[in-house]
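Right, one structure below, let's go through it.
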Amino acid sequence: MIESLLIANRGEIARRIIRTARRLGVRAIAVHSEADAAMPFVLEADEAVCVGPANPAQSYRNTDAILAAAKQTGAQAIHPGYGFLSENADFARTVEANGLVWVGPSADAISAMGDKINARNLMAAAGVPVAPGSQDPAASVEEAIGAAAAIGYPVMVKAAAGGGGMGMAVANDEAGLRTEFDKVRAFAERMFGDGSVLIERFFPRVRHVEVQILGLADGRVIALSERECSVQRRNQKLLEEAPSPAVGPELRQRFLAAAVQAGEAVKYRNAGTVECLLDPASGEFFFLEMNTRLQVEHPITELIHGIDLVEQQLRIASGEAPTFDVDELTTRGHAIELRVNAEDPKRFLPGPGKVATWVEPSGEGIRVDSGYGPDTTVTPFYDSLMAKLIVVGADRPEAIARARAAVAGFEIAGPKNNLPFFAELLENEEFLSGDYDTGIVARMR
């Protein structure tokens, strides 16, 4: 097993990784910006190194500073968490070129899945269902219009190098496509340094379902279970649950088989997620993208399977077998995760500030993975996620009941927060029915 681990991230995911490292006897090394010097993850690490100012480009995305910190502290391995450098193939290659262990998939797999058009074509060749769309980037708006005519409106205009729900827009007709194509291309060039644009069928009513995979040290790829991720704002997830209330046994087997095919197509290793769109009317699903890292919502999979995914990541990176029998994987209960963000609960606009009150709920079936606490400050430099409120119950109704109690018992004052939105959602008839789609938040507003 790896003996020392540098965590190239911050906030709740850094604390989450530290927790597992400590349980396994692995020395946990944090890197942090000047703005994060007093944050809980820094104080809880066995060692911490400042890697630059608040600006992420000068700290958490500063590969030279992070590698220097690894050398300074004698770290054996680097875990990138999610976001920042987690899906940066060049960084993964550089880590390994410096003699360190990369806790993640190969750089080749990251590269293959990082370009959405390339990923679509690879998946189609492997027999994974893909939505109707362009096989090559649309080089001009005229090419995009031609592709849309073949696909049929409405279409999704998507940054090929994007991620995290960013760089996407819907066009209902040619006029809309002309407008959105230029916007998405400009955004993609600015944010990702790549203006390539994909045109794809847009489904007005669709569910977002994903499958957790693990590429094991012995070369096998296994699929654990699916997660429902359809509660979204601006194409970004707010609540996830596992298993999906839309997926029955037959559909589940098709999902899991397709996810394994996807992983095998790129010789996947370590933890990853195959994201799909599900048409609830027909039961058809289509590959959306593969996230070559640990997902924010991994805890709900952990809770229904009774395993620690970060531990499995470290074991795979160390060349060891998983802690569970892959042929006897069991699922028990229902789990829900709510992303507690520093944003107002109506328009979901960021609302950073100093935390005056922070009281986390507790009780049976309640878990909180937080990045903040009393007297910490949510700054405008980073993502608005403050904590993940996770609950598990024997079934979906019990999980929802525990989520309601946990939301009511979570006290935050100072920064704005979206807990009132979750209180509303957990009473919403559409959500309670389980028959909802990615438009549910818009309909609530």
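Only the coordinates and a few stated rules stand behind these numbers; no lab work does. The structure presented is a predicted model; accordingly, all values stated were derived computationally and were not measured. No Cβ is skipped: glycine too gets one built from the backbone with ideal geometry, and neighbour counts run over all protein chains shown.
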(request) Enumerate the calculated ³J(HN,Hα) couplings along region 184-198 in order (Karplus 6.51 cos²θ - 1.76 cosθ + 1.60, θ = phi - 60°), each rounded to whole Hz, writing x wherever the residue is Gly or Pro. (result) 5, 4, 5, 5, 5, 5, 6, 8, 10, x, 8, x, 5, 10, 9
(request) In a Gaussian network model over the chain where Cα atoms closer than 10 Å are linked, find which of K346, K354, K237 has the largest mean-square fluctuation. (result) K346
(message) I need the calculated FRET efficiency for the pair D218 and D90, taking r as the beta carbon distance and R₀ as 25 Å, to the nearest 0.05.
(response) 0.35
(request) Could you check the simple spin-label distance between A356 and R19, using points 7 Å along Cα→Cβ, in nm with one decimal? (result) 2.8
(request) Give the residue from A171, P154, P345 lying farthest towards the positive end of the charge dipole for the chain; charges sit on Cβ (+1 for Lys and Arg, -1 for Asp and Glu) and the dipole is referred to the Cα centre. (result) P345
(message) Based only on other Cβ atoms within 10 Å, what is the fewest-to-most ordering of H79, H298?
(response) H298, H79
(request) In whole Hz, with x marking every Gly and Pro, tabulate ³J(HN,Hα) for region 242-247 from phi via Karplus 6.51 cos²θ - 1.76 cosθ + 1.60, θ = phi - 60°. (result) 9, x, 6, x, 8, 10
(request) Can you tell me how much longer the chain between L432 and E284 gets when fully stretched, taken as 0.36 nm per residue apart minus their C-alpha distance, in nm with one decimal? (result) 51.0 nm
(request) Scan around L238 for amide H atoms under 5 Å from its own, H built in the peptide plane at 1.01 Å from N, and keep only partners 5 or more places away or cross-chain. (result) V231, Q232, R233
(request) Would you grab the residues whose amide H sits under 5 Å from the one on S4? Only those 5+ places off in sequence or on another chain, please, with H modelled 1.01 Å from N. (result) R27, Q76, A77
(message) Taking θ = phi - 60°, what integer Hz values does the Karplus form 6.51 cos²θ - 1.76 cosθ + 1.60 yield along region 295-306, in sequence order, with x for Gly and Pro?
(response) 7, 3, 8, 4, x, 5, 5, 4, 6, 7, 9, x
(message) How large is the direction-averaged shadow of the alpha-carbon convex hull of region 42-143, in nm²?
(response) 9.5
(message) Starting from the Kirkwood Rh over alpha-carbon pairs, what translational D in µm² s⁻¹ does region 290-368 have by Stokes-Einstein at 25 °C and 0.890 mPa s?
(response) 155
(request) Taking only the C-alpha atoms, wrap a convex hull around region 132-201 and report its volume per residue in Å³ as a whole number. (result) 68
(request) Grab the alpha carbons of region 352-423, take their convex hull, and tell me the volume per residue in Å³. (result) 80
(request) Send over the Kirkwood Rh of region 207-444, from the inverse of the averaged 1/r over different Cα pairs, rounded to one decimal Å. (result) 18.5
(message) At q = 0.08, 0.09, 0.14 Å⁻¹, what log₁₀ I(q)/I(0) does the chain have when each alpha carbon counts as one equal point scatterer in the Debye sum?
(response) -0.43, -0.56, -1.50
(request) Give, in nm to one decimal, the length gained when the segment between N121 and A150 is fully stretched (0.36 nm per residue of separation minus the Cα-Cα distance). (result) 8.7 nm
(message) Per 0.36 nm of contour for each residue apart, how much would the distance between T331 and R443 grow if the chain were fully extended, relative to their Cα-Cα spacing?
(response) 37.1 nm
(request) Would you work out the relative contact order for the chain, in percent, from Cα pairs under 8 angstrom that are 6 or more residues apart? (result) 15
(request) Just tell me which lysines come within less than 28 Å, Cα to Cα, of K183; anything on the same chain fewer than 8 places away is out. (result) K116, K158, K237, K346
(message) Cut-off 10 angstrom, C-alpha nodes, Gaussian network model of the chain. Which of P397, P243, P322 fluctuates the most?
(response) P397
(request) Rank M168, M191, M123 by mean-square fluctuation in a GNM of the chain with C-alpha springs under 10 angstrom and give only the top-ranked residue. (result) M191
(message) Out of the trypsin sites (Lys or Arg not before Pro) in region 399-436, which ones are loop residues according to DSSP with at most 16 other C-beta atoms within 10 Å?
(response) none
(message) Report the Cα-based extents of region 297-342 along its three principal axes, largest first, to the nearest Å.
(response) 39, 25, 9
(message) Check which residues have an amide H placed less than 5 Å from M386's amide H, if you skip close sequence neighbours.
(response) V340, N341, A342
(message) Given a Förster distance of 25 Å, report the FRET efficiency between A57 and D182 from their Cβ-Cβ distance, rounded to the nearest 0.05.
(response) 0.45
